[in-house]
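One structure below.
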Amino acid sequence: MRVDKHYECIVVGGGPAGATTATLLAQHGRKTLLLERGRFPRHHIGESLMPQTYWTFERLGMLEKLAASDFPRKESVQFISSSGAESQPYYFTDRDPGEWSTTWQVRRDTFDQMMLDNARGHGVEVREGTGVNRVLMEGGRAVGVEVGDQEPVRIGADVVVDATGVTALLSKSLNLREAEHDLKNASIYAYYKGASRDEGRNGGATVIIHNTDRSGWFWFIPLPDDVASIGVVAPPNYLCAGRGDDPAVTFEEEIAKTPGIARRLDGAERISSVYVTSDFSYRSRQVAGDGWVLVGDAFGFLDPVYSSGVFLALKSGEFAADAIHEALAAGDTSGERLGAWGSKFTAGMHLMRQLVYAFYDKNFSFGRFAKAHPEYQDHIVRLLIGDVFNDEVGEVFGVLRDWVRLPEAPASEEGMDS
């Protein structure tokens, strides 16, 4: 096998998690290679950001680029009941008027390209169209990767980061993934031009809309050029079984019987194919091992209802980059050192997970809960903006457990950083 150069860190995957990890490592002065199987720009779902991404974007040097883009500004989230009744929007700036309380609704092809170009601009060596066959292990430690089809090439590294998204190159090969069976859903989605959206502050809102019997829900996400991302999420046995071979027919059926989305699409034109994807929630039992780290969806995926995907990708990349830098400085790339951020990250992810479970309980209403416990209104808003890495916001779940069944932390939660 031919041998290529050696790097301090190889990041496999060029999405938001990989680009974040690589950029911050380069800022730390680390020799970093990013390998991406595809070529950007490319289509990807997951357009809505959380306000707490602001702080990672600030570190990455992305804020001015995002502000100069045509991405709609997102200042709120709104929920619509199965009858079509609209809640008051949750305005993030009402609790804190700072610029960090608004964010963006992004075209992922454009956004991901911006993130990858930003990594290049910070000195990351980026190779697109370069698939990784496997992570090379010696004595239980990751020591590099193998690339190339005809003539395999070995590229060495002190640390390998798996940022391959749902492909989960390393976590699958190490059999670390655990499914969240209670959150097993699928989605059908498409893009529309001319959909109705609110005026003013709520014009950039993510709107979450229950269908008539609460067997599923729709997202409505406004994008540039009068385009909106529209998708329905429901269990596969409802959305896919016995519904025929054409997902477009199923999609139109679900739109027609959901007042909150049907009126927004009255007169709108579908301008894309209809896509089908699974969004089964899962997570891995470890964030790191000797010489390797998992970030973004390669570590875990949480149901998309609160648009936490990109936020968790960015935060895992940020936490991982800092830990990798410190591990390299100390000459200790053990799993314990590389995964020192694991407990903090998974605790925050678990807070979002509990909020997801509350959403899916058909007998629970956030509106009724807020009226009964106005003292926790701020906690809910903080969760919706992604403010989950602190010791205060989780207090709401002690009371929420009296209203709805919530999951316990996974058995592997303790010791995640080992």
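Only the Cβ atoms of Lys and Arg (+1) and of Asp and Glu (-1) were treated as charged; on that basis the dipole of the chain about its Cα centre amounts to roughly 480 debye. Largest GNM mean-square fluctuation across K172, K31, K362, computed for the chain with C-alpha springs under 10 Å, falls on K362.
From most to least packed by mean Cβ count within 10 Å, the peptides 336-349, 66-79 give 336-349, 66-79.
A straight Cα-to-Cα reach below 19 Å connects K257 with the lysines K362, residues fewer than 8 places away in its own chain not being considered. Which residue, G14, G156, G29, has the most motion in a Gaussian network model of the chain that connects Cα atoms within less than 10 Å? Evaluated over the chain, the most mobile residue of the options is G29. A value for P(r) over Cα pairs in 20 Å bins from 0, in percent was derived from the coordinates, and within the list [x] 25, 55, 20, 1; [y] 21, 34, 22, 19, 5, 0; [z] 27, 57, 16, 0 it appears as [z].
Applying the criteria of a DSSP loop state and at most 12 other Cβ atoms within 10 Å to the GluC sites (Glu not before Pro) of the range 364-398 yields E392. Quick one: helix 309-330 against the long Cα principal axis of the chain, what's the angle to the nearest 10°, folded into 0 to 90? With rounding to tens, the tilt is 20 degrees. Given a cut-off of 19 Å, name the pairs among K74/K344; K65/K193; K5/K31 whose C-alpha atoms lie farther apart than that in the structure shown. K74/K344; K65/K193, as the Cα separations exceed 19 Å there.
Could you tell me which of rounded, prolate or oblate describes the range 4-82, using a ≥ b ≥ c as the square roots of the eigenvalues of the alpha-carbon gyration tensor, with rounded for a/c under 1.5 and, failing that, prolate when a/b is larger than b/c and oblate otherwise? Prolate is the answer for the range 4-82, as a/c is 1.5 or above and a/b outweighs b/c. For the peptides 241-250, 123-132, 206-215, 162-171, residues were scored by their other Cβ atoms within 10 Å and the scores averaged per peptide; the highest-first order is 162-171, 206-215, 123-132, 241-250. Ranked for footprinting exposure by Cβ neighbours inside 10 Å, fewest first, T53, T103 give T53, T103.
We did not get these values from a lab; they are worked out from the coordinates using the rules stated. This one's a predicted model, so the numbers in the text were calculated from it and none came from an experiment. Backbone-built Cβ (ideal geometry, glycine too); neighbour counts: all protein chains shown.
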